[in-house]
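Enquirer: Quick one: the structure is below, and I'll ask about it shortly.
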Amino acid sequence: MSALSVSVSRTCPATGRTIHLSAERLIKVNAVVAVVSLLVGTIAALLLVLTRWQAVHLLPAVWYYRLLGVHGMNMLIFFIIYFEMAVLWFASTVLLNARPAAPRFGWFNFGLMLLGTLIVEWAQWSGRADVLFTSYPPLKAHPLFYLGVIFFAVGALLVTCQFFATLVIAKREKTYVGSVPLVVYGAVTAAIIAVITLVHGAMVYVPTFLWSVGLIPEVDPQLYRLLWWALGHSSQQINVAAMVAIWYMLGALTVGSVVLNEKVSRSAFVLYIMFISMASAHHLLVDPGFSSAWKIVNTSYFMYMAVLASMVHGFTVPAGMELGMRLRGYNDGLFGWLRHAPWGDPGFSSLVLSVVVFGFVGGITGVTLGTEQINIIAHNTLRIPGHFHSTVVSGTALAFMGATYYLLPLIFRKKVAFWKLAKIQPYLFAGGLLLLVMGMTFAGSFGVPRRHWDISFSQAPYDVQFNPAVDLFLAMMGIGGIIAVTGALSFIAIAVVSVFFGKPVGDMPRGPDIVGIPPGLTNPPVHVANVDELNEALHAPSRGIFGATPGTLVLVGVFLVAFILYYFANWKLLTFLWKIG
Amino acid sequence: MLTKVHTGLDPVPGIWWRPAHKAEKVWVAIAFAWCMVLFAMMPLWHFRGGQNPSGVRRRVDPKTYYARTLAFAKQYKVAEDRGVPIVQAPPGSDVYLVGLTFQWYPILQLERGKEYMLHLSSLDVNHGFSLFPVNVNFQIVPGYDYALRVTPTASGDFRIICNEFCGIGHHTMVGRVIVVDETGKPVADNSHAAVKSGDQP
Ligand SMILES: [Cu+2]
C-alpha cells in the first residue's frame, strides 16, 4: 500500500482492518436512509396497531389502508434493503480490506434508489397508490408508483453487481489470504438471492407499469401473484441470509464465537441459494392457479432443504457462541457460558433475542403455516402477520439493530448515545414484538382477518361476532405494538443522535468499560492462550456425543420438541374443519 | 492469531473442508429426518386426510361465470334475505358463489353431511373467502374458477368474511352460508354468527 492509499483509507482501531473512505461514505448514507425509512414505517405502525386494537380504532378506513401500504413498503422494502446495501458495502470492503468497485457509480445507484423511494412515498401518501404493499391487479395504482418501485429495484440490483465486482477486486488485489470469511460468504448468499429476487421484481413491475399506462390490456392476476411473491417473499429471504451473516458477525464481535465447521455452515448457505427462493409458493397454497403437486414441491422448498439450512444455522450459531465462550475460559457446567455472557451489550442481547424469536416463533410458525393443508386455517388471517413480525422484525430488524450498535463506533466513529437506553432497547423491542406476535397469532386462530379495518363489521349487511377472547388478544397486540414501537423509536433516537450529535470515539482503549462503546470493542473477546489445546480437549472423543457444545445440543433439543408439538397440534386443528377436497 | 480456531470474521486459510464433529453430524441428521417428516405429511394427507385445497381449477371468463351463477341462483332459489337470494341446490350438485366489490352472491343453503362442488370466483379483483367461524380460507382470483368438494360437518348460520383487501369498502364485504340439518333447520350451534336483522328462514 502506497502513500496514496493513506489519504483514501484509514485503519479501524478495533479490528485493524483497512476502511476505504469512499466505501465508508456509501455505508453511511445507506444506513442513514434505512433509519429514516424505519422512522416513517414505525410511525405508521403505531397508528395501525392503534386502529387494529378494536377498542381504540383510531384511524378512518381510508387512512388505515393507506398507511398499511406505507408501513409495508417502508419496513419490508426500504428500511431493510437500504440496510442490506450498507451490509453489502461493509462486507465486501471493510471485512476484506478492499477498495469499493466504482464508488461514483455507487452514488448514482444510490440516487436511483432514493428517487424511486421518494416517488413511491409521494404516490402512497397522496392516495394515488391505495393498493397495499402487494398491489395485486386489477387493483390499480398511479403509474408512477410502479415506476418508483422499478427505479428502486434497478438501483439495488446494480449495487449488488458492484458488490460482486468488489469481491473480484479484493481477490485480484489479494487484500486477504485464503477463502473469504464466513460472514462475507453469507453476504454473497444474500446478494445472489437478491439478484434472483430483483429480476423477478422487474418481471412483475415492468408489465404492471405498462398496464397502468394502458400499453398492455391486462395483467393476469394469478400470474402476477406468482411473480410478485417471487419478489415479495424472496426479498425476505435476502433478509434471512443477511441476518444469519450478521448473527455470525455479532457472535464473533461480542463473545468471540468460532466457526465450528466451515463446511457445515457454508453448505447451509448453499442450500439457501438453491432452495429458499421456492418459498414464494407459500402465498399461493389456497390459490386456484396451481396444482397440489406444484404446491407441495415448492412450499417444501423441494423437501424442506431450506428449513434444513436454517436448522443447521440454528445449531451452529449458538454452538459457535458456546464454544467461543468456553475457549475464553467460561467452561463451567452446561450453561455457564450463557451466565457469563455480556447481557448488557446491546449487540449481544440483540443477537440472542433475534436467534431465539426467529427460531422458536418465526421459524416454527412459518413452516407450519407454509404447509399445504394447514394453510387452509391460516391464509390471510392475522396469523400471517403474526408469523412475519416474528421473522422479519424480531429476527432481521433486531439483528440489524444489534449490528448498528457496532457500526456506530466502527464506521461512524461515534459513541452510542443514550447508552443506558441502548442496553435495554433490544429487550424492549423483542418483548413488545413477542406480545404483538402472540396477540396476532391467537386472534388469527379465531378467524380474525389481516388487512382489515373494522372487525366489528359495523357497516356490513350481516353481523360477525368474534369469540370474546379476540378482544383480549387484540389488546395484547395493541400493547405489544406500543412497546415495540417504543423500542423502535428508542433505536431511531439512539442512531440519529449518535450519528449527528454523538461524541467522537477517538482511541478505543482496551480494558475499561466506556459509556457509549459496546463492551465487545473495549474488552474484545479473547480466547485463552492455549486455545488450540483447550479446543482439542473439548472435542476429545471421550466427551461423547455432546462434545464441545453440550448446552447448545440441549437447547436445540428443546427447539425440536416445540416444533413437533406445534406442527402436529395444527394438523389436529385442521381435522375439525369441514371435509374439503 | 495463528490458532486453529477462527471466527466468522476471519478469512480462512488453506483447506477448510474438514470433517464435522459428531454432535454436529447428529443434529444435521435429526434435522434432515424431521424435514422428511414435514415433506411426507402433505402427500400423505391427500390420501389419508380430509382437508385438501386441491380442487378442480380452470380459467373462466368472469362474465360467463357470472351468467352461470345467476342461472344457478334462479333455478334453486328458495328464499331471499335483503334482496339476495337464498339458494338450495340438491346435494351432490355444483353450487356457485361469486365475490364482487363489496358483496358475496348468492346466499348458499347446504345440507349437513352432504357433499357439494363449491365453485368460487371473482368478477373484479382478488377477494378472500373466509368461512366464519370454521376458519376455512381460500383465495379468490378473477378469471379462475376454483371448484372444491366440500362437506359441511356442522349445521348453523355461517358468515363469509372477505379477507383479501379489495378496496376501501373491503371490511363491509360479508356473506352468508346456511347449513341445515336433516330436518331442514339450521341448528343453532353457531352462536357467534347470527343474523343481525331481517328474516331468518
Ligand atoms: Cu373483497
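The values are calculated or read from the model by the stated rules, or taken from the named source; none is laboratory data. Here the structure is a predicted model, which means the values were calculated and not measured. Note that we place each Cβ from the backbone using ideal geometry, even for glycine, and neighbour counts take in every protein chain shown. Ligands, DNA and RNA are excluded from the accessible area calculation, which covers all protein heavy atoms including side chains. Shrake-Rupley method; radii C 1.70, N 1.55, O 1.52, S 1.80 Å.
Enquirer: Does the range A:14-28 contain at least one residue that is within 30 Å of A:Thr175 (Cβ to Cβ), of a type in the set (S, T, N, Q) and in a helix (DSSP H, G or I)?
Expert: Among the residues of the range A:14-28, at least one is within 30 Å of A:Thr175 (Cβ to Cβ), of a type in the set (S, T, N, Q) and in a helix (DSSP H, G or I), which makes the answer yes.
Enquirer: Just one of the numbered conditions (1) more than 12 Å from the ligand (Cβ to nearest atom); (2) closer than 21 Å to A:Leu573 by Cα is not true of B:Asp145; which one?
Expert: (2)
Enquirer: I'm trying to understand the selection: among the residues of the range B:92-103, which are open to solvent by 10 Å² or more (accessible area, probe 1.4 Å) and within 16 Å of the ligand (Cβ to nearest atom)?
Expert: Result: B:Leu100, B:Thr101, B:Phe102, B:Gln103.
Enquirer: Here is a follow-up. Pick from the range B:114-123 the residues that are within 16 Å of the ligand (Cβ to nearest atom) and not polar (S, T, N, Q): which of them is farthest from the other protein chains (Cβ to nearest Cβ)?
Expert: B:Leu123
Yes/no matrix, rows are residues, columns are (1) closer than 30 Å to A:Gly178 by Cα; (2) touching a residue at least 60 places away in the same chain (Cβ under 8 Å):
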| residue | (1), (2) |
| --- | --- |
| B:Val5 | yes, no |
| B:Asp10 | yes, no |
| B:Ala20 | yes, no |
| B:Trp34 | no, no |
| B:Arg48 | no, no |
| B:Gln51 | no, no |
| B:Asp81 | no, yes |
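Enquirer: List pairs: first residue in the range B:89-113 and within 13 Å of chain A (Cβ to nearest Cβ), second residue polar (S, T, N, Q) and within 16 Å of the ligand (Cβ to nearest atom) anywhere in the structure, Cβ distance under 6 angstrom, at least six positions apart or on different chains.
Expert: Pairs found: B:Gly99/B:Ser122; B:Phe102/B:Thr172.
Enquirer: Determine whether A:Phe78 is closer than 23 Å to A:Gly520 by Cα and either buried (at least 24 other Cβ atoms within 10 Å of the Cβ) or in contact with a Leu (Cβ under 7 Å, 6 or more places away or on another chain) (or both).
Expert: For A:Phe78, the condition - closer than 23 Å to A:Gly520 by Cα and either buried (at least 24 other Cβ atoms within 10 Å of the Cβ) or in contact with a Leu (Cβ under 7 Å, 6 or more places away or on another chain) (or both) - is not met.
Enquirer: Shifting gears a bit: I need a count of the residues in the range B:128-142 that are near the ligand (Cβ under 9 Å from one of its atoms) and over 11 Å from the mean Cα position of the chain (by Cα).
Expert: Residues flagged as near the ligand (Cβ under 9 Å from one of its atoms) and over 11 Å from the mean Cα position of the chain (by Cα) within the range B:128-142 amount to 0.
Enquirer: Listed residues B:Gln88, B:Gln109, B:Gln75; which is more than 16 Å from the ligand (Cβ to nearest atom), of a type in the set (S, T, N, Q) and out of contact with any helix residue (DSSP H, G or I) (no Cβ under 9 Å at 6 or more places or on another chain)? First the steps, then the outcome.
Expert: On the way: B:Gln88 fails: out of contact with any helix residue (DSSP H, G or I) (no Cβ under 9 Å at 6 or more places or on another chain); B:Gln109 fails: out of contact with any helix residue (DSSP H, G or I) (no Cβ under 9 Å at 6 or more places or on another chain).
Answer to the check: B:Gln75.
Enquirer: Checking B:Lys22 against (1) away from the ligand (no atom under 16 Å from the Cβ); (2) closer than 21 Å to B:Val136 by Cα; (3) within 11 Å of chain A (Cβ to nearest Cβ), which single condition isn't satisfied?
Expert: It fails just one condition, (2).
Enquirer: Shifting gears a bit: Has the range A:195-208 got any residue that is over 24 Å from A:Tyr136 (Cβ atoms) and touching a residue at least 12 places away in the same chain (Cβ under 8 Å)?
Expert: yes
Enquirer: Could we say that A:Leu147 is outside any helix (DSSP H, G or I) and within 27 Å of A:Leu48 (Cα to Cα) here?
Expert: No: the conditions fail for A:Leu147.
Enquirer: Can you work out which of the residues in the range B:31-55 that are open to solvent by less than 70 Å² (accessible area, probe 1.4 Å) and more than 9 Å from chain A (Cβ to nearest Cβ) is farthest from the chain's Cα centre (by Cα)?
Expert: The extreme case among them is B:Ala33.
Enquirer: Another question about this same structure. Could you check the range A:378-480 for helices (runs of 4 or more DSSP H) lying wholly inside it with 2 or more residues that are open to solvent by 10 Å² or more (accessible area, probe 1.4 Å) and more than 25 Å from A:Val62 (Cα to Cα)?
Expert: Here the list reads A:398-407, A:419-445.
Enquirer: Mind checking which pairs have a first residue in the range B:163-178 that is within 7 Å of chain A (Cβ to nearest Cβ) and a second that is part of a helix (DSSP H, G or I) and open to solvent by less than 10 Å² (accessible area, probe 1.4 Å), Cβ under 7 Å, 6 or more apart or different chains?
Expert: B:Phe165/A:Tyr65; B:Ile168/A:Tyr65
Enquirer: Among the residues of the range A:349-363, is there at least one that is within 14 Å of chain B (Cβ to nearest Cβ), more than 18 Å from the chain's Cα centre (by Cα) and open to solvent by less than 10 Å² (accessible area, probe 1.4 Å)?
Expert: There is no residue in the range A:349-363 that is within 14 Å of chain B (Cβ to nearest Cβ), more than 18 Å from the chain's Cα centre (by Cα) and open to solvent by less than 10 Å² (accessible area, probe 1.4 Å).
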